[in-house]
6 protein chains.
Amino acid sequence: MIYITRRERFNAAHRLFRTEWSDQENKDMFGGCANPNWHGHNYELFVTVKGKINPQLGYVMNLKDLSSLIKAKVIEKLDHKNLNLDVDFLKDVMTSTENVAIAIWQQLETPIRELGVELHGVKLMETENNFVEYFGETN
Amino acid sequence: MIYITRRERFNAAHRLFRTEWSDQENKDMFGGCANPNWHGHNYELFVTVKGKINPQLGYVMNLKDLSSLIKAKVIEKLDHKNLNLDVDFLKDVMTSTENVAIAIWQQLETPIRELGVELHGVKLMETENNFVEYFGETN
Amino acid sequence: MIYITRRERFNAAHRLFRTEWSDQENKDMFGGCANPNWHGHNYELFVTVKGKINPQLGYVMNLKDLSSLIKAKVIEKLDHKNLNLDVDFLKDVMTSTENVAIAIWQQLETPIRELGVELHGVKLMETENNFVEYFGETN
Amino acid sequence: MIYITRRERFNAAHRLFRTEWSDQENKDMFGGCANPNWHGHNYELFVTVKGKINPQLGYVMNLKDLSSLIKAKVIEKLDHKNLNLDVDFLKDVMTSTENVAIAIWQQLETPIRELGVELHGVKLMETENNFVEYFGETN
Amino acid sequence: MIYITRRERFNAAHRLFRTEWSDQENKDMFGGCANPNWHGHNYELFVTVKGKINPQLGYVMNLKDLSSLIKAKVIEKLDHKNLNLDVDFLKDVMTSTENVAIAIWQQLETPIRELGVELHGVKLMETENNFVEYFGETN
Amino acid sequence: MIYITRRERFNAAHRLFRTEWSDQENKDMFGGCANPNWHGHNYELFVTVKGKINPQLGYVMNLKDLSSLIKAKVIEKLDHKNLNLDVDFLKDVMTSTENVAIAIWQQLETPIRELGVELHGVKLMETENNFVEYFGETN
């Protein structure tokens, strides 16, 4: 078993807030992240898959295929978008880094399995100082 | 003459658009950057000042003072904000990296001179692949 | 279960040596790291906690709270300090990256648990080429 | 148990291809990586070992010794070389990042054990966007 | 006048040698860089242009256009190639970082001027420790 | 004329203080940087030289020679040292980043000229957020 990782990037706006709370309550809880006019990030996404090496080809899978799949399922839907407003798979989701990472996992798990390898982990960096890692429900 | 640089960071939402154009016209010109629901970045700002070394203190100026000034004049106004909607000194400005860099220069030039040193340049990175440098009107 | 990581930084002096050894013996064993007049590093500290997502808030814990706790328990005691001379929790400890990482773990484990999450790992980078990871006694 | 990691770097040429395939077949499968005149990379290698801390010395092992061993067993054989043509331990190996990582593991596992510690993992970065991790046959 | 920079990357094989010298003479002069079987790098290219801001659009030029031009004129010809064998504009050129940087300048200078802006500088990084900057014949 | 840059690194302890001032006065002026027991940094040094390309060799100068010279004149004297106590060319110098950069320039200017090229600039990074650039007395 060997692990391969592909990095992709996207730039997006978002905010943290609960609709049933006032602006002041949201600000008290989420600080600047609740700004009603949004803020944004350059997100870095690391997708790790694991599998056996194909003896004829020497690799677990073609990283270009993995990159294309991540772009089709995730990046095209998130890049230059508003995570709260523009993304079908984030409807009614608090757009914390944790929840976005889990939602990305859910977008990728099945199509990666259909390529014959297994999704191992998703790492999502919101800033150079903050990141989240998710390894699925059973880990 | 010696040059010292301080890096500061801010996270913000923005979009590129002209109000007199339709959404489609803006999209045609600015691509994803025109998304009506905004997108965002982790901006990195490098502020370079130049001056003589104070012989008693060994430095041109205390970098903590420079950092405090940049935070007071720029970062607090841009961080976790919408560059198009929330910033007094970006009113009616197209929030391209170029224009934001020049506006930051204008915020900093006089207060830095009042500290006895001279603003030399502003470098603003929008992504790891794109950045802008501005050295004032006469350069 | 999801993992979140916060990076903090500190600059410190230290040296590797045993008091019962001569300067020459220390130099033979520890090389330049034994320099009697100290040397120093920009340390990068990555603290990883794991927990369940709070369904109302969308995150495991507020990263500002994690940052504040790391600063209060670790950074304020190590930053711009001499690790061998100035730090109560490193008394009589050989200030190798390994031992400093473990000591940081011990400072953080209980207060992080009191916040309702669990300390998962501590990664301490001494240089861009050398780092240590510690996951507690039972891992 | 604690984990320590040393980064080393090497620059090398390589290509992906199967000798029994035509240039066109190789290009169809491996894309630009099959270029008959080779291409190359700045590889970054992270070698992680685990062990107990030597109580007298404060560290698991001297990182200079680990660095010297990696250089003698791996870097000197790969740096400024052609991975397909110049490396004894890559004879008849498809030089994918996966296979190079495993071959590096095999070069290091025994000599690291002879130093009294255990090889935990090998991470090999081919570009800033692509990397592979290997933790041995039983992981 | 404002300066904007776009980073692009390419992976390539090369070697330093003079055909009229023996392998030993080339090795004596160029060290490992003369390896007859080639070696390679992940090159990072920074292209800086300068110009006036288009008042209607807010930027000097669309960075996507600059990126496309760099890709068409430079990256597609160098990426996953052998700089000595595969590149028309490097025929009979010693493929030092200096010479490659100048050749890239020559590919870009005229087409960038045709876009209405001026090429200011080319920075080419061969490794994280070595890079070259070129600002044209008159600078 | 073309510019080539070599990065080297050193780890050192230092403090900012004036001997004629009390500990409290030094702390008031220099903050944590005045800690009597020292602190330290991983310094990154970028040395830029300029010259004409040797038409036979394709480069301005061999970067290995530049690296060796920087190591002999600077790095061996600063690495794993105390900048205030251990360095002959920093005697009685306030070890600010500015002064250390200028002292490095003075160590390198003549020997680099003797190699037939000209020292253009010295950039010294103290942390990822703070750096200094010096281009000689006449710039």
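The values are calculated or read from the model by the stated rules, or taken from the named source; none is laboratory data. Every value quoted in this text rests on a predicted model; they were computed, and no experiment measured them. FYI the Cβ positions are ideal-geometry reconstructions off the backbone, even for glycines, and counts take in every protein chain you see.
Per-structure values
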{"read-out": "Every residue from the stretch A:66-93 that is β-branched (Val, Ile, Thr) and over 22 Å from residue A:48 (Cβ atoms)", "value": "A:87, A:93"}
{"read-out": "Unique match (being crowded, with 22+ Cβ neighbours inside 10 Å and among the basic types (Lys, Arg)) among F:91, F:81", "value": "F:81"}
{"read-out": "Some residue of the stretch E:112-127 being surrounded by fewer than 21 Cβ atoms within 10 Å (Cβ to Cβ) and in a helix (DSSP H, G or I)", "value": "yes"}
{"read-out": "Test result for residue B:127, under 11 Å from the mean Cα position of the chain (by Cα) and facing another protein chain (nearest Cβ under 9 Å)", "value": "no"}
{"read-out": "Cβ-Cβ under 6 Å pairs, at least 6 apart or on other chains, the stretch B:70-85 side part of a loop (DSSP other than H, G, I, E, B), far side of a type in the set (Ser, Thr, Tyr)", "value": "B:83/B:95; B:84/B:95"}
{"read-out": "Selection status of residue B:20, touching an Asp or Glu at 6+ places or on another chain (Cβ under 9 Å) and at pLDDT 95 or above", "value": "no"}
{"read-out": "Restricting the stretch B:58-112 to residues that are hydrophobic (A, V, I, L, M, F, W, C), within 14 Å of chain E (Cβ to nearest Cβ) and touching a Phe, Trp or Tyr at 6+ places or on another chain (Cβ under 6 Å), the residue that is farthest from residue B:35 (Cα to Cα)", "value": "B:105"}
{"read-out": "Residue that is farthest from the other protein chains (Cβ to nearest Cβ) [pool: residues in the stretch C:32-57 that are in a loop (DSSP other than H, G, I, E, B) and within 30 Å of residue F:43 (Cβ to Cβ)]", "value": "C:36"}
{"read-out": "Residue A:20 being among the acidic types (Asp, Glu) and within 29 Å of residue D:14 (Cβ to Cβ)", "value": "no"}
{"read-out": "Search result, residues across the stretch C:58-69 that are in a loop (DSSP other than H, G, I, E, B) and hydroxyl-bearing (Ser, Thr, Tyr)", "value": "C:59"}
{"read-out": "Test result for residue B:127, at pLDDT 95 or above, more than 17 Å from residue B:41 (Cα to Cα) and among the polar types (S, T, N, Q)", "value": "no"}
{"read-out": "Check on residue B:93, touching a residue at least 24 places away in the same chain (Cβ under 8 Å), touching a helix residue (DSSP H, G or I) at 6+ places or on another chain (Cβ under 7 Å) and part of a loop (DSSP other than H, G, I, E, B)", "value": "no"}
{"read-out": "Hey, residue C:103 free of Cβ contacts under 8 Å to residues at least 40 places away in the same chain and either outside any helix (DSSP H, G or I) or surrounded by fewer than 20 Cβ atoms within 10 Å (Cβ to Cβ) (or both) or not", "value": "no"}
{"read-out": "Selection within the stretch A:29-44 - crowded, with 21+ Cβ neighbours inside 10 Å and in contact (Cβ under 8 Å) with a residue 40 or more places away in the chain", "value": "A:38, A:41, A:43"}
{"read-out": "Selection within the stretch F:1-28 - more than 30 Å from residue E:97 (Cα to Cα) and either in contact (Cβ under 8 Å) with a residue 12 or more places away in the chain or in a loop (DSSP other than H, G, I, E, B) (or both)", "value": "F:12, F:13, F:14, F:15, F:16, F:17, F:18, F:19, F:20, F:21, F:22, F:23"}
